[in-house]
Each structure stands twice: as structure tokens, then as C-alpha cells.
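Asker: My structure is below; once you've seen it, I'll send some questions.
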Amino acid sequence: MSTPRAMTINSRKVIDGEAGINAHIQVKGIVQGVGFRPFIWNLAHQFNLAGQVRNDSSGVEIDICGKQRDVELFICHIEDTPPPLAKIHEIRCTVTPDPVAYTGFFIVESVEGAMHTCISPDAATCPECIEDIRNPFNHRFRYALTNCTHCGPRFSIIRNAPYDRQNTAMSEYALCQSCESEYKNPKDRRFHAQPNACYDCGPAVKLERFDGKPVCLEALSQLDDIDAACTLLQSGEIIAIKGIGGFHLACDATNDRIVIRLRQAKKRFSKPFALMARDVDIIKRYAHVSSEEESLLVSLEAPIVLLQKKNQLLEDHARKFGEKHGERAIDLKPVSTQISPGVELYGFMLPYTPLHHLLLKRMNRPIVLTSANLSDEPQCISNNDAVDRLTGMADFVLWHDREIVNRVDDSVVRIIADKPRLLRRSRGYAPAPLSLPSGFKDASDLLAMGGELKNTFCLIKDGRLVLSQHIGDLEDAATLDDYQYNLTLYQKLFDHDSEYVVIDRHPEYISGKIGREMANHGKRKLIEVQHHHAHLAACLAENQWPFGGGKVLGIVLDGLGFGDNDELWGGEFLYADYCSYQRLATFKPVAMLGGSMAMREPWRNTYAHLMAELGWDQLKINFAELDLIHYLESKPLKTFNQMLETGMNSPLASSCGRLFDAFAAAIGICRDSVNHEGEAAIQLESIIDRDALEKEHESLIYPFAAPRLGHTDIPYIEPLAMWQAVLGDLILKTPKGVMSARFHRGLAKGIAEMVKRITVRDEERITDTIVLSGGVFQNKVLFEEVHKHLDAMDYRVLSHSATPANDGCISLGQAIIGLAQQNSFRRI
């Protein structure tokens, strides 16, 4: 027997030979729990090949024998036509010319071992399962927990690896004879579908009242509990609904009274609610939907997609529409103005479980589907927790008795600059791994703890980056518990024992404190990473920038991060690679009056900016008649002036986020307070006058200068001229939408001019590549304006798509920087 050789499978060269060979094939990636083994079984029979396939700790292992031509075609088909949920990262093949004598092709038992494979995210219901639940002759007709190897819960029900039924929430449910025959049949798409079940053997769905009183189903439906819940939604009730990754609260989105009641119950006073509609046609009544946005809505990931609002339907138009399509005018009512007040976007999603499809079958208008929790808390996942926390928020609950093992929020996506951008990466996306860029050799296991807000954490395992689902803000005690639970879970699922722990440099981040404790008690090596460097590195890693690929200029704009020399940063221009960074420019440092209070009360930032630029005497002399000045005079300015003079509880921060707050409050947007992070900036973007943005002469945009900062001598974005122009426009009573357009255009131009200034030295550029990161760049208008300027100057622009630009990417950046430091150590 000759020595085995590696088989070249990418050449697509099929050897025209009849010689028999034996091939050993290893497939790595998301290849377990996605129907991969039956796919291989059917493929082997298609090409008349013998052998066996099994799961192992690294993925799927195949032994195959037959004609060389057929074996190579077999491998090409594995690459080209894998199952819908499979994601192949690597195929390795060795062959010998002498075939092993197999009498057929078999699926054999899994091989135990250390975990080196990936776990599939949860997936939206496939068309075949939708057909099953709609077909009255199918034994799964209207069964709300129907699934197969192409869809359904995965990560949300797993307790341990490998992904076998006994390691999931389905372990307590014994398969009935019918389901077991499907489970054991390689020709069936439910072969080894671990959550497989039906009415006879699976979890049941029940509509109940939180107060324990009986529900009279006969008065609500002729069908079942789910249809009865639809009737309750139509009649103006709030219902708690158990989904894949957690409970939601649902109500009729066109009913002002009930939407207001839901806001009060959740203590969520202005942040937009997510919506769900039965189909895309209903969504198109209320929002503009491009072909790219429609593709996202109907994808396996089924995220919330942010869509531009249409003008509300007028009653006469609704009647005409209803008459034409045979629908009642009541089903064509406008969406409540309380869904997303002050924002010109709706967050829509389509049904992604059979339960949702059945619930909305006769619902001809959208429903609110928001996480079941008080504002800023994690959503409920257990039935007992739902009773404890949701009683009083909703009267009814539609739940089932399949356990949600792992909380997974809905993902959020927006099309910006013609590309999908994840704003929250969770259900449907996590925990699918990301590839390491080239040049990172011998990657050690590593754990990166993430930031404080919009937290995620990240593992490096087997040369891949495993980014957790969105966890949330760790200031909340329940969210912190969820964070620690998930840390333990991921380390167990991925058999992960890191030698390194990477944290944010901020001394008070809870994630950092936990990381330090882990390092101290576990004898792990601790690496601290600067916040904005992590942002930049995350964007580089997502874009597969190689280790040793050279330095780039990163523009990182956010609310706040801990910088060098105990400074607070938030508007930074960093010349950096994975290993190091140099701050080349910044935004003007301005006092945060009252520290964290400045993040909740935007007027504080307005006053601090105006005092830093003009002073109160000049403001009173020139702008005394402005409503803004009268408003500020109502505040205890003497106290605030003392704080500014002494620096007491008023740290300087070069924060772009606070500049947005200051401008918004100045023109009367969210002046008193904000109810959620980024609210002022989101409303500023929403009110932009499109004609002013696209057509107004450039001379009218607000100017920003770029002098040098005294103590560092680096250039900074100086807003003095901008503030003078803003105050002048306030005197002229310029519309807010026009002022917002001028602000966005001016800031984008100022950023682009700063890039040109700091990247050109001795008439040559130090880099042609610009990275855009930070939560401020989730502002579509600012991002597209900056991108347009940089494109015009022939810069290459790298930005986020697969990971959020906000702090949801921080752990990814920490992980790649930690790994880069290890690489550098090895090369010394």
C-alpha cells in the first residue's frame, strides 16, 4: 500500500479513471446537528460509494471507497451543496489506491473526545416544516414545536457537547414510534434532528392566565390555544409568549391604548418596540423594503431588520386597499405612534418558529413582539421566572414545557451603505465562529471578557474566534448572572481552558474585575487592552486583515472609553495594528458635568460645550433671547461653574457621543433627559431634512476646525465655529431638520479633512486604509457621509458587518490583540 497523500479538492479536476481508491475525509465547521450525516449518506448512494460516516470531536469523519472519479465528484458536492445550516470551514482528505472492503454505506456511532467542533445557532423554520404544520393531513398539523435538521432550536437548548438529544432540553422526552422511525431513517430530513417531536411525544403548548383563573377556549377559538391567543391579541390583550431564546410580550401594534399600557408595564418609555408581521406583504404596507432587506427578513437567521417608515395609511386609502384585497379596513389601521416615537424606523421581523407562524396566520396587521422583562433587565426564559416577573405586565401567557437552556435575544440588522450591518449579534448568528486572519500561528486558547455595555465575550479555540451572543449591560445584576452563567457554559461546551484572560483597561468594568479574579485564582496570564484599540482590532479581524499587514488609521467614535494616562476618550484617530497604537488626533476634550449624569441629561453637555467655547457673558450678550439660554438659566449655574473651574465630578472627555448629545439638546431634541443610550443621536438622524442633506450648498454646513491640543500637541476636532453657526441658526429659527443635516455633513467633512491631514507626511500617505468603528458609526447618515468623503480621496475603508460597530465587538478586538501579543512574544 502506498503512502497516503493529500487530495487536492479545490482544483475541480476530476480524474477520468476507473481505479478504486479509499479516501479518509475530515470535515470541520458547523457540521453536527444540521443533517450532515444523512446528507453524506444520500450523497454516497448517489455516487455508488461504500464506507461510513460518523461524528467525532472535531466534526464529521468519512471513510469512503469507490472509483476515483466518483470519489472526487463526491467531495466536490460536499463543498458545493451542503445542508442549509451547515458551514464548512475545512475539508481534509487522504487517499490510498487500495480500497477497503465495505459492503455498503453506514452511519455509525459518534466518537467521544475533547470538543473541537462548532455549535449551530438557532434557525428559523424551514419551508418544509411550515408546510407540515399547515397541512391538515400531516400528523404535525398545527404542532407549534415542529422542526427538522434544517431548522429549529440548536444553541438555545444545548446543555453539553456533543449536540446529542441526551445533552439537550429534549432529553426528558422519549420519542414515539413515528418520530423514532424518522429519527433513525437517513432518508428523512428529521434523521437525528435532536429536538424532533410531535403531539404524541413532545412538549405541549398551553394558553393560561397568570392569575390562575381558567381560560374559556370555546369563546376564543374553534381550533386550539394558539389560535385563541390570536383572538386575544386582536381584542387588545397583552400576552407573554415563550419563544426559542426567551419570552416575549406581544400586543396589537395598531392599538395605541394597549401599546401605551405595555410601555408603562415594561418601564420602557421611548425606546422603539420590535414588530412582527405574518409576511413581507404586511410589512410593506408600513415600511419601505428593499430586495436586500427582504432577503434578510426571510433568511435562516430571521433578524429584526430596521426599515424606513412609510407615511401612515389614511383611512380612505385603507378602505380602498381593503376593498381591492378583500380585507377589512380595521386590519389596515396605522401602526401606533408609540411604537417608535421620534424615530423614522421600524424594527420588523417575520415569524421564525412554528408557534409564531400559527399565531399570526389570521393576524392581518403587525404585533409588538418585545423581550419579556423590565427595561434593561434580561428577558425571562423559565416558566417560573415568567410567573414571578411578568404577572401584572400581561394577563395571559402562551407557553410550552420545553426548557430554554440558554437565553438568546433577537438579532438586529440595518442596511447601511448598501451592506447589512449587525447592530446586535445573537439569535441566528451566535455562536457561529469567525475565522482568524492569516498570520496568526499556533493560536493558544484565550478568553476575552468584553466591555461593560452591550457585553459579549469571546473565546479563541482551535484557531477560530467564538463570539458569544449579546449579553447586555453588566450593571444589571440579573444580566451579570447571565454573563457568568454563559462564561461557564461556553467553556464547558467548547472544552475551553484558557491560558490567557484579556480585559478592558478600565479599572471599574465588572467584566474586567471578573477577569482579574480569574487570572489571579486560575494562574492565567492577564492582558489589558485599551477600549478603542479593541474596536479597531475587531474591525480589522472581521475584515481578515492579516497579522503583519501593516498599520491603518482607525477612526473610533463612541460615548466613552478609558484611554491613556487615565483620560476619558470617545473620538479617536488611532494609527495602529493588532499589536500597538498611536493616537494621532482626537475630538476636543470637554467636561462631563456630573460625570455619568451627563450621559443621562444632554443639556449638561450643551452647557459644558458652550462654556468651553464662548463663555456665559458672550452667550448672554449675543444670544439672550434664545429659548436655550432661558432654559439654561433655570439651572443652578453657579454650582456647575464651580464644578467646571475645579474639575470636581466633571472629567474631561473627548467623546463624540457627548457632542451629539450637546448638539441635540441645543436645538431642543431630548434636552432634559434620555431614556436609553443613543436616544438623542437616533432622533437627530431621524429628523434630518433630506433636501438639506443632499442639495444644500456646502457653504451652509457647520464648520469644524483642527487646531492642536496644548498638552499633547496633536490636532483635534474643534467645534467653536460649529457652535457659532448653530446659535445663529437658532436666532433665525432654522428648522431642526435642516440644522441636523448641516451638523452631520459638517462633522463628516471635518473628520475626512482630519484624515487627510494626519495621514499625509512629506507628501506621502502613511496608510491608504481607514477603519471605521464605534457605536456612533451606527448612525447611517454620518457613516455614509464619511465613507463618501474617504472614497472620493481614494482611501480604502474597512467597516463592520458581521459584528456590531458598538461595544458588542469589544471582546473580539480584545481576543485578537491578546493573540497578536502572543505572536509577537514568540517572534522575539
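Asker: Go through 144, 101 for me and flag whichever is open to solvent by less than 10 Å² (accessible area, probe 1.4 Å), small (Gly, Ala, Ser) and either closer than 30 Å to residue 358 by Cβ or over 26 Å from the mean Cα position of the chain (by Cα) (or both).
Answerer: Going through 144, 101 in turn, the sole match is 144.
Asker: All but one of (1) touching a residue at least 24 places away in the same chain (Cβ under 8 Å); (2) farther than 16 Å from residue 726 by Cα; (3) among the polar types (S, T, N, Q) hold for residue 606; state the number of the condition that does not hold.
Answerer: That leaves (2) as the condition not met.
Asker: Do we find a residue being over 31 Å from the mean Cα position of the chain (by Cα), surrounded by 19 or more Cβ atoms within 10 Å (Cβ to Cβ) and of a type outside the set (A, V, I, L, M, F, W, C) anywhere in the range 649-662?
Answerer: Yes, the conditions are met somewhere in the range 649-662.
Asker: Can you give me the number of residues within the range 337-360 that are of a type outside the set (Val, Ile, Thr), farther than 17 Å from residue 302 by Cβ and in a loop (DSSP other than H, G, I, E, B)?
Answerer: Total satisfying the criteria: 5.
Table: residues versus (1) modelled with pLDDT under 95; (2) not basic (Lys, Arg).
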| site | (1), (2) |
| --- | --- |
| 232 | no, yes |
| 261 | no, no |
| 279 | no, yes |
| 313 | yes, yes |
| 318 | yes, yes |
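Asker: Okay, moving on. Quick one: residue 574 ticks every box in (1) open to solvent by less than 10 Å² (accessible area, probe 1.4 Å); (2) closer than 23 Å to residue 474 by Cα; (3) in contact with a strand residue (DSSP E or B) (Cβ under 6 Å, 6 or more places away or on another chain) except a single one, so which number is it?
Answerer: It is condition (2) that residue 574 fails.
Asker: What residue, among those in the range 40-64 that are part of a strand (DSSP E or B) and in contact with a helix residue (DSSP H, G or I) (Cβ under 8 Å, 6 or more places away or on another chain), is surrounded by the most Cβ atoms within 10 Å (Cβ to Cβ)?
Answerer: Ranking the candidates gives 64 first.
Asker: Six or more apart or on different chains, Cβ under 6 Å: which pairs go from a residue in the range 214-227 that's touching a residue at least 24 places away in the same chain (Cβ under 8 Å) to one that's in a helix (DSSP H, G or I)? Could you list them?
Answerer: 226/358; 226/359
Asker: Turning to a different aspect of this structure: On the given criteria, is residue 506 open to solvent by 10 Å² or more (accessible area, probe 1.4 Å), touching a strand residue (DSSP E or B) at 6+ places or on another chain (Cβ under 6 Å) and closer than 16 Å to residue 529 by Cβ?
Answerer: Yes: the conditions hold for residue 506.
Asker: Oh, and also: List the number of the failed condition for residue 78; all other conditions in (1) assigned to a loop (DSSP other than H, G, I, E, B); (2) under 35 Å from the mean Cα position of the chain (by Cα) hold.
Answerer: (1)
Asker: So which pairs qualify, if the first residue must be in the range 610-638 and within 22 Å of residue 592 (Cα to Cα) and surrounded by 14 or more Cβ atoms within 10 Å (Cβ to Cβ), the second must be basic (Lys, Arg) and modelled with pLDDT of 95 or more, the Cβ gap must be under 8 Å, and the two must be at least 6 apart or on different chains?
Answerer: 612/588; 631/671
Asker: Are any of the residues in the range 496-514 outside any helix (DSSP H, G or I) and at positive phi?
Answerer: No: zero hits.
Asker: Got a number for residues in the range 509-518 being surrounded by fewer than 24 Cβ atoms within 10 Å (Cβ to Cβ), within 26 Å of residue 568 (Cα to Cα) and over 23 Å from the mean Cα position of the chain (by Cα)?
Answerer: Of the residues in the range 509-518, 4 are surrounded by fewer than 24 Cβ atoms within 10 Å (Cβ to Cβ), within 26 Å of residue 568 (Cα to Cα) and over 23 Å from the mean Cα position of the chain (by Cα).
Asker: Additional query: Take the conditions in contact with a Lys or Arg (Cβ under 6 Å, 6 or more places away or on another chain), of a type in the set (A, V, I, L, M, F, W, C) and crowded, with 16+ Cβ neighbours inside 10 Å and apply them to residue 220. Does it pass?
Answerer: The answer is no for residue 220.
Asker: Checking the conditions here, which among 156, 171, 178 is farther than 18 Å from residue 139 by Cβ, open to solvent by 30 Å² or more (accessible area, probe 1.4 Å) and among the hydroxyl-bearing types (Ser, Thr, Tyr)?
Answerer: 171
Asker: Mind listing whichever residues of the range 239-288 are under 21 Å from the mean Cα position of the chain (by Cα), open to solvent by 30 Å² or more (accessible area, probe 1.4 Å) and farther than 19 Å from residue 389 by Cβ?
Answerer: Correct list: 272 only.
Asker: Still on this structure, I have one more. From the list 241, 258, which residue is touching a His at 6+ places or on another chain (Cβ under 6 Å) and touching a residue at least 12 places away in the same chain (Cβ under 8 Å)?
Answerer: 241
Asker: Between a residue in the range 787-798 that is in a helix (DSSP H, G or I) and any residue that is β-branched (Val, Ile, Thr) and crowded, with 20+ Cβ neighbours inside 10 Å, which pairs come within a Cβ distance under 7 Å, given they are 6 or more apart or on different chains?
Answerer: Listed by first residue and then by second, the contacts come to 790/755; 790/770.
Asker: Show me the strands (runs of 3 or more DSSP E) found entirely inside the range 406-450 where at least 2 residues are open to solvent by 30 Å² or more (accessible area, probe 1.4 Å).
Answerer: Answer list for the range 406-450: 419-424.
Asker: Continuing with the same structure: For the subset of the range 534-555 comprising residues that are open to solvent by 10 Å² or more (accessible area, probe 1.4 Å) and over 20 Å from the mean Cα position of the chain (by Cα), which member is modelled with the lowest pLDDT?
Answerer: Looking at residues that are open to solvent by 10 Å² or more (accessible area, probe 1.4 Å) and over 20 Å from the mean Cα position of the chain (by Cα), I get 548.
Asker: If only one of 155, 137 is out of contact with any Pro (no Cβ under 8 Å at 6 or more places or on another chain) and of a type in the set (Phe, Trp, Tyr), which one is it?
Answerer: 137
Asker: Oh, and also: Report whether or not residue 746 is surrounded by fewer than 24 Cβ atoms within 10 Å (Cβ to Cβ) and small (Gly, Ala, Ser).
Answerer: yes
A quick yes/no check of all residues on (1) touching a residue at least 12 places away in the same chain (Cβ under 8 Å); (2) open to solvent by 30 Å² or more (accessible area, probe 1.4 Å):
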residue: 684; (1), (2): yes, no
residue: 696; (1), (2): yes, yes
residue: 723; (1), (2): yes, no
residue: 730; (1), (2): yes, yes
residue: 761; (1), (2): no, yes
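Asker: Please go through the range 414-446 and give me each residue that is out of contact with any His (no Cβ under 7 Å at 6 or more places or on another chain), of a type in the set (D, E, K, R) and within 21 Å of residue 301 (Cα to Cα), ordered by number.
Answerer: 414, 418, 419, 427
Asker: Something else now. State which residue is farthest from residue 291 (Cα to Cα) when the search covers only the range 414-472 and only residues that are among the small types (Gly, Ala, Ser) and out of contact with any helix residue (DSSP H, G or I) (no Cβ under 8 Å at 6 or more places or on another chain).
Answerer: Here the residue is 463.
The values are calculated or read from the model by the stated rules, or taken from the named source; none is laboratory data. Predicted model only: the values in this text are computed from it and were never measured. Note: ideal-geometry Cβ built from the backbone for every residue, glycine included; neighbour counts use all protein chains shown. We work out accessible area using only protein heavy atoms, side chains counted, and drop any ligands, DNA or RNA first. Shrake-Rupley method; radii C 1.70, N 1.55, O 1.52, S 1.80 Å.
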